[in-house]
Each structure stands twice: as C-alpha cells, then as structure tokens.
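Everything below concerns the one structure shown next.
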Amino acid sequence: MSTLTSNDLALNAAPPLIFELGQEGRANRYVEEGKPLEQFLPKTLLRDDLPLPDNSELDVVRHFTQLSQRTFGIDLGFYPLGSCTMKYNPRINDAMASKREFAQLHPYTPDEFSQGALQVMYELERSLASLFGMAAFSLNPSAGAHAELAALLIAKKYFKDRGETRRDKVIVPDTAHGTNPASAAMCGFKVISLPSDERGRVSVEEIKKVLGDDTAVCMMTNPNTLGLFEDHIHEIAAAVHEVGGLMYYDGANANAIMGNVRPGDMGFDLMHLNLHKTFTIPHGGGGAGHGPVGVAAHLVEYLPTPVVRAALRQAQDDTRAQDDTRASQNGRPLAPSDTMTFSLDFDRPKSIGPMRSFWSNVAHAVRALSYMYANGADGLKKVSQLAVLNANYVRVKVADFLETPYPEICRHEFVASAQELKKATGVKALDIAKSLLDHGMMAPTMYFPLIVPECLMIEPTETESKETLDHFIAVLREIVETARKEPETVMAAPVTTVVGRVDETRAARQPNLKWEPA
Amino acid sequence: MYTPHTQADIRAMLDAIGVGSLDELLAVPDAVALKAELDIVPALPEYQIARRFEHMAAKNTGVDAISFLGAGAYRHYAPPAIATLAMRGEFLTAYTPYQAEVSQGYLQAIYEWQSYICLLTGMDIANASVYDGATALAEGAIMAINANGRKKLLVSRAVDPNYRAVLKTYCDGLDVEIDELAYTAEGTTDLAALKAAVESKQYAAVALQSPNFFGNIDVLAADALAAVRESGTVPIAVISEAMSLAALATPASWGAEIVVGEAQSFGVAPAYGGPYVGFIAATKEHMRRIPGRLVGKSVDNEGRTAYVLTLQAREQHIRRERATSNICTNQAHCALIATIYLALMGKTGLRDVAALNLERSRELATAVSAIAGVDLKFATPFFNEVVVDVHQPASAVLAKLQERNILGGVDLGRFYPELSTCILMNATELTSSGEIEALATALSEVVHVHANV
C-alpha cells in the first residue's frame, strides 16, 4: 500500500493520509485474534474485502499529533469568532465528564442504577430554568439548530392542538442566524424576513405590519447578532402575543445576559441554549454541542422526551439518608437534589417525541453543570458583565481605525466594517481576517450579519485578559495601517500558515471528498 | 470564574468606554429587568466540584454490573491512545474549520473520516457527520424526499424504535407520512409486503436496518431491490452497530443508495446516551443533497495539497430557508475519535473485534437457550445481539436479574407489545465467558422461581 518517498515525509508538507501510511499485517494487539468469519456466518453475508490500512500505534500517534499541530484552537490563542463564544474550556469539566461512572454508563441502564447521571440532568435543567426564567427545559436536543427545530415543532403541535393550523408564518429578523429560517422551513413554516431599522433593531411599527392571525412564531435573539440589546423587546413580545403568536428566543447570545435579564421575563415562550457556547463545553472542531430547549408553562407538555422526573426519597430509605449525612460531613454541600430519586419520563402524550437516539448529551451536561458549580448565580452574572465589558472595550478602541456602523454600547459582541477601507485600498474584510491568522489569532466571523457590508463580527469573551485584548487591538490597527500603505501585503495573507489561501472553486467544481486506493 | 480581570483592569476599561459601572453597561428597561432570586447552587471551589461529582458518580452503579445491554449503544474496547490524541487542546478547543489555513489538521482528519465511512459502507460520498444514528436516518429520509419529491416513507418495524420515533418527530414537521413494514417470524423485514407496497410508487424511500434492532441480518434480496428500483423508491440502509461493517457485506453491495448510521461503536463512550456520532453516506448522485459539512481536497495558492470545507451552497448559513438541512453543528470531535479508533485498530483489529463479537454472542445464545423455558425467538443469522424469549414477562425477569447485579438486556415489550416476554441481549469482545455463565446461572434460577409461583 505504501509508496511514500522521503519528500512526502518532509517537515511542513501535508502529512500523508492515514491510508498512505499503513502496511497490511502491521497490527496492534488490542483484542484477541478472532477466528475466521466464515465459522459464524455464510460467506454470502460477509464482505469480500476490508480495504483499511494496518498502522502501528506509534504511526497513528505521530499522525494525529501532527494533525493537531496543524489546527488552531483556543488553547493556542485569541479566538474572537463572533456568535460562537469561544471562551476558555476549563479542564475540570472534561475530567468530570471522563469519569468512568459517567463515560461508561449505558443509556439503557435502569433508572435505579443511573441515579448520578439523572441527578446531573435534573440539577442542570432546574438551574437553567431559573437562570433563563423558563418553566422547564428538555436536555434532549443535540445542538442549537436541533433545539430550534424542536422549539418550532412544539409551536406547530401547540397550534395544531388549538385548531390554529392557519398559523404558518414565522417572522425572522434579517440579522438572524441562518439556522433560524432553515429550521422554520423544516417545519413547513413560511419565513417572513423582517428588515432591521436604522438602529440595527427590530422596530415595533415594522413588526406590527406583518403580524396577523397567520403569525405562528417570531424568532429573535437578544442581544441580536449586531450585539445590540433589543430595547423594545417587551413591546414586540406584547404585540406578538396580542395576535396569538409565540415568541422564540435564539440562545446563541446568552453569554450576554446571565444574571442580568431573562428570556422568560422578556416575554419569550420558547428558547434554546447552546450550552457549548455559554457553558464552556469544548467546541471540538464543530461539535458535539448541546442544545437544551426551554418553554414557558403553557408549553411544558410538548417538550421532547424524555424529561427527568424527581421525587423526594422515601423516608424509610435509611442507608441512603446516612450516605447523605456522611456526604455533608465530608464537606460536600448537600443540595436539595441529594434527597431525591430520579427517573426518565417517556410517557408524555402531548410531547413532540424524541429528537435523537438517546436521552441527552449527558457528558456535556456534566461539563455544563461543572461550570455552573464553579460560578454560582453571582459568578454567572459576572461572566456576562465581563463579556460585555471586553466587547465594548475592544469596540471603542477599534472605532479609532475601522468603521463601527452601530457606535453605541453593545453587548458581548459588536460588528466593524471594512467597507470604507475596501473603497480606499481594495483590502476586504476577508483580507484582514487572513492577516490576523499570520499574527497567531483566529479571524472574527466575516460577512455576517448579512446587512453590514464587509462585516467583521468580533466576540472577545470574558475569559480574555486586558493584555490579550490590547494586543489584538494593536495587531488589528497595524493591519489596517499596512492596508493603507501597502494593500498587496495584506491581500497576500496568510503567509506564515502551513498552507496559503485554498482554491475553493476547484474544491467545489472538482469535488474530491475521499481517498481512493490507487 | 475563569475571568482574569483585576479591579484596576475593570476600572480602566470602563473609563475607556466612558461608563461609570458594569451595571450601567448592562442597563435594561425596567419592564424586563431581573427581579427574581436565582435558584442556583452557590459557587464551589474546584476541589469541592470534584467531590460533588464523585458523590454523584458513585450513584451510577450500573457501570459495575454485569451487562448485556446493547440495542443501539455498544460497549467496545477503546485503546487509551484515542483519548491521549483526541483530548489534545488543539483539537478540543477548535471550532468549525472556516479558516482553512489554520485548520488543515482537523480538515484532513475529517477527510479521513469521510474516506473511512466510504470504505466501510462501499458508498461514493460521506459527510463530516451528523448528531447520531436517529437524526442520520431523518436527514437521509429528507435527502430522498428532496430527490423524488414524494411525501411518504416506508420503514421496517425492525428498524431501531428510537430511530423510528425520531423520524416521526421530524416527519410531523415536514408533513410527511410514514408507513411501517411488518417483520416476519424470522425476525427480518417482510420483503413480500415491501415489494407489494412500493408498487404504488408513492414512497420517497424505504428504510431497512441491518443488523436490525433484533440483531438479525436484514438486507434487500435481489428481487426486492429490483422492485424498489423499478418503483423509483430510494433504498436507505440503517446501521446502528457500525462494528458490523467490518464483517458483513456492505450496504452498497445489497443496493443501498443512502446509508445512515451510528458510529458510537468506534471508540466513542456510551456516556448514558451522548454525544455520539451519526454518519450519512450515499451514491454520488446525491452529492448536492447531502446535509451538513463536507471536506474536500484541493490546493493552495502555491499548489500545495490543502483541505477545505466545500459545496457550502447547500448549507443554512448560505441558503437559509432553502438549505438542504438546518444542521450547523456536526459531531467533529466524536468523528475524530472514531477516525483515530479506526486507524489504531486497522483492518486486522476490526476483523478480530467483529469475529469476537460473532463468537461471544453465539456463546451467549447457546448458554441461555440451553435453559429450560428459555428460547431464541428467531433462527436467523445475527451479528452480536439476539432476542431471547423467557416465556414470562421480560420486565419481571430483568428486575430479578438486577437484584443479582446483572443487567440482562433490553425488555422488548417496551417497544413491541407482542414481544413482552422477550429480551434483547448483546455480547461484545468485552463479554467474558464468566459473565455469560453468571447470566445463565442467574437466568435459570429466576425463570424457574417465576415459573413455579
């Protein structure tokens, strides 16, 4: 299989594919040798060949270590990717999730054998409900977009039960995340895109024009994707409720509001959270995430299954009561949940049903709860305050040398625009982004939201120090200054990375999506 | 916690912004201001967080029981090298590789994952992963609906009940109807009924699982495949035990156009249900309908090999309500784990694991069916799990086994009222002969005590 030359193995060249490394028969002995498959099944049911490489463990370790070194993460540097909340991922979270008792627990383990996992789910759910002002959450959906879909399915079923199937319109501001309209379409709703006003917000007057007895849901995020707080949210919610519609809160920006303002108090009936953003779950290169869906009291019955049910423990259960006493004497705080027993509740006739194979991304629930413990209510409030402080600090400094189309107090992120710079020099937002890579930083989100031309959406997060922010500001200033003097330098970026700009047209026109044997 | 700000920093930054206090910075209209007291456990120092989780972890006693649980989540050996590599901070704390120049490593790993899935399934293309097996089925069904515009699906009752339930959740949103195909006395899909059903040419797709939920090998026979093709129905193969791909004839070889499944078996921890990693593979005709991320191989501006996210015009961030799916997050990190697992095991290791699963599950089947009053429900070739009929309520038998610290399997009555005396039992390479003996001894006692009552 292997026909590599010394050139292929040179430093800095792309590492060979794992398929080009192996030699048949170079096996690792992780399990016993198996008998020939024909002893167990007729040959007609078996595959002819299994064309996979055999690699030594050392080769595999080197291969993936090399791949890791060609990958940029938060652990390597500043990651101001707007709308993605790339904050530090505390290692205690992973250590707790990796505990054998959580990691090796099979999902069909009976309730009485999985009380710890159920307690984690219960505590997390109750804490989220309080923090965001919702009656209840389901931890079932796998990610933000998945929870959005669950929320819209809840809305659809709710209206169907009420005989209001005429409600087929979902209102989505033009600043919304792309998943909002895509999720609405997956529920058969028609999407009405609502333009933002000159303040970058949804206007009460404009939304009233599109509201009617065909309004199902209004999907909003607050702060919105421009980083601005929708200060008329209660009036918007009242108007939507007035016509019998539901308010949906996209929780992608929840890092800006904890302990400050709650979706429930703003009038939202449905919401999702991206626990991987706000609650420090490693993004892992694009997932797995975790996306609980939350609802107000009138929608609780519709939540996806299962939900965790809790009951006070029987008083006669003396052994466990003693355990609890010992636990508290050992310095472990005795939470109310320590005196309860838990079960998974699947018997919910009005539920929209399950969204995924098994109950929840429980390993992530452990991580999120660990983060909740580390902060408490006061700590979470502080998290949001400092996220907003960091964003505004960067915003006022960046305004010295780049346009900021909405020059007012923002929340956890803000948008800058390279439109003027592009007109003057030809240097685009993309070029600035690529140039940041040369300085050991991730680029901000680019060209989103769609209403700001040459947009750079910057979210520093609260875990970054003032020194890091000052360095970022200095680098960005230098890039803009270079663009004005020698634009071609910026347009050539990046030059320090393992590859330069990639030919995306070729990738799309001549798709090569897998390795094939020669 | 995890905020580095000194009081002096905060003061200096507030001054730079020109506001007096953090409260002023986060001012909201009084109508929406937070007035409630938050009901959240007070902050704990890190050593107490660790103690608290130890306390809860100790209540997950199921991990120390003898277990024959499978049914869509499987216990397989995962070499420690996986965690060492996958938990490297560069992988763990990266996000979606939008900036290809600083994401070459992850992009290459995903390209390798796509290649592995194609090699294992025999298909032309595979995406960068979806949430799990059930959502893979739902997304695969949407691909078929988009391919031929039909609004009805045909699904075997031998497909994992959880997958079918999720498919129904999605279909309620899409206003798509689902008809189910019965299984036969052999515990496989009724192919005669399938042939008759597709004649109506109303189904977008027909979905079969192999090994099916009962563990039985359940594929389209040639005549059934011909009828499916003739009717313009898209054949979808569902794989919930990916380890079977190492041994069994590929879904491509029996005619699947779309293969959806769960790759948890490849080194991903059971973790009480997640996160796992779904995959979608298909023939190249479906390339522009496949949901989620795709990584392609290209070159950079100097002609060097380079990987990049491609065909993004299908995706929600570009196409919004006209996208092929709303999916944004994939399961990159779980896919990375699976890729490392496959690299470590290799052809030889995977074949060994598959053979050991076949062997131990047959040992299990032989041991339990030797007990008077216990039978195998079906006499059909199976992979690593088997339906055991105890001829009395399975739930009661399982409860008695639990008292002996044995998790005997999944009560099929939970999903199939007609199988309420049946238990789905699984054995893998990790199941020892001693455990099988312990189960057989306990089951023999439990069944006879019950029978005598």
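The values are calculated or read from the model by the stated rules, or taken from the named source; none is laboratory data. Computed from a prediction, not measured in an experiment: that's the story for all the values here. With ideal geometry, Cβ positions are generated from the backbone for all residues, glycine too; neighbour counts draw on all protein chains shown. SASA here: full protein model, heavy atoms, side chains in, ligands and nucleic acids out. Shrake-Rupley method; radii C 1.70, N 1.55, O 1.52, S 1.80 Å.
Miscellaneous remarks
- Each of A:Thr489, A:Ser417, A:Ser465 was scored by the projection of its Cα onto the charge dipole of the range A:378-504, and the greatest displacement toward the positive side belongs to A:Ser417; charges sit on the C-beta of Lys, Arg, Asp and Glu.
- A cut-off of 5 Å between modelled amide H atoms, ignoring neighbours fewer than 5 places along the same chain, links A:Val307 with A:Asp345.
- Share of carbon and sulfur in the accessible heavy-atom surface of chain B [1.4 Å probe, %]: 52
- Between chain A and chain B, the total buried accessible area stands at approximately 17000 Å², from heavy atoms with a 1.4 Å probe.
- Sequence-distant lysines (8 or more away, or on other chains) whose Cα lies within less than 25 Å of A:Lys382: A:Lys87, A:Lys277, A:Lys397, A:Lys466, B:Lys35
- With Cα atoms defining each centre, the range B:205-251 and the range A:182-222 are spaced 43 Å apart in the structure.
- Take each residue in B:301-309, count the other chain C-beta atoms within 10 Å of its C-beta, and the mean is 6.
- Shown for the range B:261-275: residues covered by the partner protein chains by 40 Å² or more of accessible area relative to the chain by itself (probe radius 1.4 Å), namely B:Pro270, B:Ala271, B:Tyr272, B:Gly273, B:Pro275.
- When only the Cβ of Lys, Arg, Asp and Glu is charged (+1, +1, -1, -1), the dipole of the range B:167-314 relative to its Cα centre reaches about 700 debye.
- Kirkwood Rh, Cα atoms: Rg over Rh of the range B:294-453: 1.21
- Using θ = phi - 60° in the Karplus curve 6.51 cos²θ - 1.76 cosθ + 1.60, the 3J(HN,Hα) couplings for the range A:426-431 round to x, 7, 9, 4, 4, 5 Hz; x is entered for Gly and Pro.
- The range B:269-295 versus the range A:390-464: alpha-carbon centroid distance in Å: 33
- Here the accessible area of the range A:18-69 is 45 percent carbon and sulfur, with a 1.4 angstrom probe and all protein chains present.
- Accessible area in square angstrom per residue, the protein assembly as shown, 1.4 angstrom probe: 33
- Total lysine pairs under 18 Å (Cα atoms) in the range B:81-340, excluding pairs fewer than 8 apart on one chain: 6
- For the range A:66-191, the alpha carbon convex hull comes to 201 Å³ per residue, rounded to a whole number.
- For B:Glu180, distant residues with modelled amide H under 5 Å away: B:Val155
- Structural descriptor for chain B: relative contact order 19 percent, calculated from alpha carbon pairs under 8 angstrom and at least 6 residues apart.
- Relative contact order (percent, whole number), chain A, Cα cutoff 8 Å, 6+ residue spacing: 18
- Modelled spin labels at A:Glu242 and A:Glu420, positioned 7 Å past Cα toward Cβ, are 3.9 nm from each other.
- At least 40 Å² of accessible area lost relative to the chain alone, listed for the range A:268-305 with a 1.4 Å probe: A:Gly284, A:Gly285, A:Gly286, A:Ala288
- Mean partner shielding of peptide A:54-64, defined as the number of other chain Cβ atoms within 10 Å of each residue Cβ, is 6.
- Ratio Rg/Rh [Cα only; Rh per Kirkwood] for the range A:18-69: 1.10
- Over the range A:378-504 - Rg/Rh using Cα atoms and the Kirkwood inverse-distance radius: 0.98
- A viscosity of 1.002 mPa s and a temperature of 20 °C, combined with the Kirkwood radius over C-alpha pairs in the Stokes-Einstein formula, give the protein assembly as shown a diffusion coefficient of 75 µm²/s.
- Normalised by residue count, chain A yields a Cα convex hull volume of 218 Å³ per residue.
- Members of the range A:394-438 that become less accessible by 20 Å² or more once partner protein chains are added (1.4 angstrom probe, chain alone as reference): A:Val396, A:Ile409, A:Arg411, A:Lys434, A:Leu437
- Theoretical gain in end-to-end length, B:Arg288 to B:Ala16 [0.36 nm per residue, Cα-Cα removed]: 92.9 nm
- Across all directions, the average flat footprint of the convex hull enclosing the Cα atoms of the range B:81-340 is 14.1 nm².
- Antiparallel %, DSSP beta bridges [both residues in the protein assembly as shown], to 5: 55
- The range A:385-425, accessible surface, carbon-and-sulfur percent (1.4 angstrom probe): 45
- Each Lys and Arg adds +1 at its Cβ and each Asp and Glu adds -1 at its Cβ; summed about the Cα centre, the protein assembly as shown shows a dipole of about 780 debye.
- For the range A:33-41, 3J(HN,Hα) computed residue by residue from phi via the Karplus equation (6.51, -1.76, 1.60; θ = phi - 60°) reads 5, x, 6, x, 4, 4, 5, 10, 9 Hz, glycine and proline entered as x.
- Pairs of alpha carbons in the range B:60-120 separated by more than 19 Å make up 57% of all such pairs.
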